[in-house]
Structures are given as C-alpha cells and as structure tokens.
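Peer 1: Quick one: the structure is below, and I'll ask about it shortly.
The values are calculated or read from the model by the stated rules, or taken from the named source; none is laboratory data. The structure displayed is predicted, hence computed values, not measured ones. Note that we place each Cβ from the backbone using ideal geometry, even for glycine, and neighbour counts take in every protein chain shown. Surface accessibility is based on the protein's heavy atoms, side chains included, excluding ligands, DNA and RNA. Shrake-Rupley method; radii C 1.70, N 1.55, O 1.52, S 1.80 Å.
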Amino acid sequence: MKIKKSLPLPNSNPNALKEDLNLFQQISQGQYAALDLLFNKYYNALCRFGLSYQKDINIIEEKVSDVFILLWNKRKELNQIEKPKSYIYVIAKNSLKKPAKSHLIFSIDTQQQRNILFSPSTEDEIIDKEQKEINAQIIQSILNSIPKKSRQIFELSRIDGFKYHEISEIMDISPRTVENHIALAMKYISKGLKQFH
C-alpha cells in the first residue's frame, strides 16, 4: 500500500487540538466512527514517521494499525489525555522501536515493476512524469543527506506541524536539542539546493 502524500497535514487546521480532544472524548464513550476519523486523519503521517524506525512498510502499517487498536482498547482513559496528537505519536514510536514479529514478505518481481512503471502513455505524460521523478529524486537525495535523527525531527516539525516543545516530549529530548537538529537539517537542505541549482 502506498502512503498518500496529497492528504492535508494533520496540523493544518488551527482547531486541530480541539478536534482531536473531541474525537478522544467520543472514542472514550465507545463511538467507533470517531476512531475511524482519527485513523483517517493520522494513519499516513504515522506511516511516514515510522520509516525512521523501520524500513519494511508492511511492518510499519501493521504497527501503526495496532496504535488505533490500542486506543480503542484503552478508550476509557482517553478523556484524561490533554495532547492527543503527541500521545498517538509516542505510542507509535514505542511500538515501532520494539522488535517486529517474523513476517512473510511478498515482493513484486522487478520485471513486473518495470512493466507497471513504463506502461504506454503519450510523450507529454512521459516528459511530465520524468520531470516529477527528477524533482522527487532531488528532494529525496537532499533528505537522505540529513542525519537520521535531524531528518526525523525536521519532518515532525515541518510536515506533521508539531511545535518544538511537543517534539521534545515525543522524542524525549530538550527543546534546545530540537532547535539544534532543525538548524542542522536546514543547513543540509540549503547546501543541497545550492548544489542542484
């Protein structure tokens, strides 16, 4: 399953905390539809976050799904949580850091992948696709150059919309350390962009 990148960021709404508290309240009262809303809101972001701890997307998806099962099982306690988003990320982090159970991994053979990638299309679509792939490779290359922990903290800040003190709670480090990691990530990005231009 591909992680969708086009979804709005979980924190783009200024009332996000109020919404999350409301969803936690509804879940604590046994409303399964509220859990479903929370799942749709955070699943993809948590899967991307999981890539910092685990490379196998099947394991990440399973462990992220387990986060929501745990929330449902502990629903009676959810109305005591003041920061639902941070709470969810900490559960995910703790789950992802545990060793995975053994899994059977099924991979599509490389020829089949090539056939999917290069299915017939018009010249414009091919050129557009190639440009998008080049841009994606540039971004990926810059992100890959950032040290792992700095990249993870940068993504929590810039992609997931967490504030520095929230990241410090999730990652169990000081807000000053968060600042240092983000400053380091910005240096790598700035350097990387200069090289490509």
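Peer 1: For the range 166-191, name all the residues that are over 27 Å from Ile91 (Cα atoms), open to solvent by 40 Å² or more (accessible area, probe 1.4 Å) and either in contact (Cβ under 8 Å) with a residue 60 or more places away in the chain or of a type in the set (A, V, I, L, M) (or both).
Peer 2: Correct list: Met186 only.
Peer 1: Between a residue in the range 51-68 that is more than 13 Å from Ile91 (Cα to Cα) and open to solvent by 20 Å² or more (accessible area, probe 1.4 Å) and any residue that is assigned to a loop (DSSP other than H, G, I, E, B) and at pLDDT 85 or above, which pairs come within a Cβ distance under 9 Å, given they are 6 or more apart or on different chains?
Peer 2: Listed by first residue and then by second, the contacts come to Ile57/Leu51.
Peer 1: Across the range 74-98, which residue is farthest from Ile170 (Cα to Cα) among those that are surrounded by fewer than 16 Cβ atoms within 10 Å (Cβ to Cβ) and in contact with a Ser or Thr (Cβ under 7 Å, 6 or more places away or on another chain)?
Peer 2: It comes out as Lys76.
A quick yes/no check of all residues on (1) in contact with a helix residue (DSSP H, G or I) (Cβ under 7 Å, 6 or more places away or on another chain); (2) open to solvent by 50 Å² or more (accessible area, probe 1.4 Å); (3) farther than 17 Å from Val64 by Cβ; (4) modelled with pLDDT of 55 or more:
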residue	(1), (2), (3), (4)
Lys5	no, yes, no, no
Pro10	yes, no, no, no
Lys18	no, yes, yes, yes
Gln25	yes, yes, yes, yes
Tyr42	yes, no, no, yes
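Peer 1: OK, next. Take the conditions open to solvent by less than 70 Å² (accessible area, probe 1.4 Å) and either charged (D, E, K, R) or at pLDDT 90 or above (or both) and apply them to Leu71. Does it pass?
Peer 2: Spelling it out, Leu71 is indeed open to solvent by less than 70 Å² (accessible area, probe 1.4 Å) and either charged (D, E, K, R) or at pLDDT 90 or above (or both).
Peer 1: Starting from the range 82-104, keep only residues that are of a type in the set (Asp, Glu), then list their pairs with residues that are modelled with pLDDT of 90 or more whose Cβ atoms are within a distance under 9 Å, requiring at least 6 positions of separation or different chains.
Peer 2: Glu82/Leu21
Peer 1: While we're on this one: Among the residues of the range 149-165 satisfying the criterion of being under 16 Å from the mean Cα position of the chain (by Cα) and open to solvent by 80 Å² or more (accessible area, probe 1.4 Å), which is farthest from Lys85 (Cα to Cα)?
Peer 2: Lys149
Peer 1: Sticking with this structure for a sec: Give the number of residues within the range 156-165 that are touching a residue at least 40 places away in the same chain (Cβ under 8 Å) and touching a Pro at 6+ places or on another chain (Cβ under 7 Å).
Peer 2: Qualifying residue count, the range 156-165: 2.
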